[in-house]
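Read-outs: derived from the displayed coordinates by stated rules, not from any lab. Keep in mind it's a predicted model, so treat the numbers as computed, not measured. Using ideal geometry, Cβ is built from the backbone for each residue, glycine included, and neighbour counts are taken over all protein chains shown.
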Amino acid sequence: MRTLFISWAFLRVLLTLTVVCLLLAGMTQYVIMLNRDVSEATSRGEVEGVVRRGPLVNKVALTINVDWGQELIPALLDSLSRHQAKATFFFTGRFADKFPEYVRKVHEAGHEVGNHGYSHPHPAQIGDAANRQEIRRTHAALEKLTGYAPRWFAPPYGEHDQRLVKIAKEEGYRLILWTVDSADWLKPSPQDWLKRVTAGIGPGALVLMHPTPSTAQALPSLLEYIKEKGWTAVTMTELMAPAQ
């Protein structure tokens, strides 16, 4: 009987070691894929200093760019609240000036507020001074409404180059893009929206969204998916904290 007991104990240890090895192998493969993505990005000449993904932690950042869609913000806030999730809302300055109550609601709900430029121009089509003014005007509007100085800048249309990264940095910002684009502006069905996002999301991912009907309908399912994976939806600042 003693020999049988030792055998079962040995098998349990062996099984535990096997599981650990598989987990390590999976993480190694994930890191290799990330490094490959970075190498491919470099070969495409993508701009340095742009945040596209956070550290490899069990957290994701939901980023919501807002220049319209104020009628859907309450639904987004309700879904986030019910799932105890946080997000970063990137407001344009003109939206903040026109709908200050929504900016305040987002801030008071504990979400982060970010800068999306003032009038949503194409950054590549305006000069340095104009781009700087877009950031500054929005910064002033958001800080006045929330008492908080934003630190993340999401350029309109995702347009960026090294000069815009430099301008943003000089204004106290880091420029962010996304890991996964929900493409909600194409008006996908909630099912297609969810399929697209879950196919690309992972630890440290940045998910780009807007206040659209597709996002409002699919967000609860995404938040359930995130919870099932053992991840947490957090603000940009919380996601990037280990890398600061």
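Could you calculate the contour length gain from Ala149 to His83, that is, 0.36 nm times the residue separation minus the distance between their Cα atoms, to one decimal place in nm?
Values: separation 66, 0.36 × 66 = 23.76 nm, distance 2.66 nm.
Answer, rounded to one decimal: 21.1 nm.
In what sequence, highest mean first, do 123-129, 110-116 appear when ranked by Cβ atoms within 10 angstrom?
Ranking the peptides 123-129, 110-116 by packing returns 110-116, 123-129.
I want to make sure I understand the PRE zone here: with the label point 7 angstrom from the Cα of Glu170 toward its beta carbon, which residues in the range 119-151 have backbone N atoms less than 18 Å away?
Residues 123-140 fall inside that zone.
Which of the lysines could a cross-linker span from Lys227 if the Cα-Cα distance has to be under 20 Å and same-chain partners fewer than 8 positions apart are dropped?
Hits, sequence-local ones excluded: Lys59, Lys86, Lys195.
Relative contact order of the range 57-211, please, whole-number percent, based on alpha carbon pairs below 8 angstrom and at least 6 residues apart.
Details: 273 pairs, mean separation 45.0, N = 155.
That works out to 29 percent.
May I ask you to list the aspartates and glutamates whose Cα is less than 19 Å away from that of Lys229, ignoring any residue fewer than eight positions away on the same chain?
Filter leaves Glu238.
Test of understanding: extend the Cα→C-beta vector of Tyr225 to 7 Å, then name every residue of the range 155-186 with backbone N under 12 Å from that spot.
Output list for this probe position: 180-183.
Describe numerically, in nm with one decimal, the distance between label points set 7 Å from Cα along Cα→Cβ at Ala109 and at Trp185.
Between Ala109 and Trp185, the label points sit 2.2 nm apart.
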